[in-house]
Every structure is written in C-alpha cells, then in structure tokens.
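Reviewing the structure listed below.
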Amino acid sequence: MKLVCTHCGLPFASASASRDRPVFCCSGCALAFRLSAEAGTDASARPLIVTALGAVFLEFNQMLGAVLATLVPGGAWGAISLALGLATWAALASFQFQAGARRLCDLFAATVCLLAWGAAAHAARPGLAVAACAGFALWAMRGLVRGKISGKK
C-alpha cells in the first residue's frame, strides 16, 4: 500500500503499516518526529534516543580504534575497532527495528553493512569497518537530514 511519511512527506510503499497511526519512511524520520513537539510526549522517544546515542558513542570509539590501529602497528587496536564495529552494527540495527524501519531496503542496508564488516574483519582492515558502519549510520539517520533540507522541524 502507498503511504506518505508523517515527518518528511515522502511517499513510500509498505505492506504492514496502518493508516490510523503515524507512519515513517525510515528510522531517522521516526526519531525526528518523536523528538519534535508533534509527538505530544517525549516518553516514547527515550529508548530510541538511548539507542541512537549508544550507536554514536560506539561509532566514535570504533573510529578512534581504527586510527590507533594505524598509528600503533602490532597492537590490539585493530581487533578492538572491529569488535566495536560489530557492536555499532547491532545498535544501529536495533535502532532501525525500534523505529519501525523494517522495509526491504532497510534490511538490505543492514545486510550490506554486516557483509562489509565481515570482509573488513577477514582482511583485518578496521578502516573498512568504520566506513561500513558510518554508511549504515547515515542510512539509518537519513530522515533527520531530509527534515532539515525540506525545512520541516
């Protein structure tokens, strides 16, 4: 069924959404809506905020580990960065699931990120894992950017 995102107004297709409650095209729009005054209360946004902040914290530390792995060869920083990358992926996938972003393209983005992380772990390249998780984070938060560009608050 064709729907229109409650936050950004973009059309999207969904097989399982109902018209009697707000619908969102992505997890970023769901978060932006819940953070805005349109939602009426902030209680529903707390788990999403905690998950989003956790993902940002993990992604930052994953990047720091990748930089340290480059600067200090032979240390454990590469393995630490890769482990943080897997934790970042799990937090972002949880964020998308909590926000209701369960369309095929969302699952595809999560799978591509996980496969890229696996390739990075296999090749011991923490920089590739950082890029994969950063791309997934941008995908998960794209509704926030869309709302800023279109002028919606």
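Read the figures in this text as sums done on the coordinates, not as results from a lab. Because the structure is a prediction, the values reported are computed rather than measured. As a convention, Cβ positions derive from the backbone with ideal geometry for all residues, glycine included, and neighbour counts pool all protein chains shown.
Here are the numbers for the structure shown:
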| item | result |
| --- | --- |
| Stretchable slack from V50 to C105, in nm (0.36 nm times residue separation minus alpha-carbon distance) | 17.4 nm |
| Calculated from backbone phi, Karplus (6.51, -1.76, 1.60) coupling profile of the range 109-119 in Hz, x at Gly/Pro | 4, 5, 5, 4, 4, 5, 5, 5, 4, x, 5 |
| Segment A119-T70, length gained on full extension (0.36 nm per residue, minus Cα span) | 15.9 nm |
| Burial ordering of F33, F57, F24, fewest other beta-carbon atoms within 10 Å first | F57, F33, F24 |
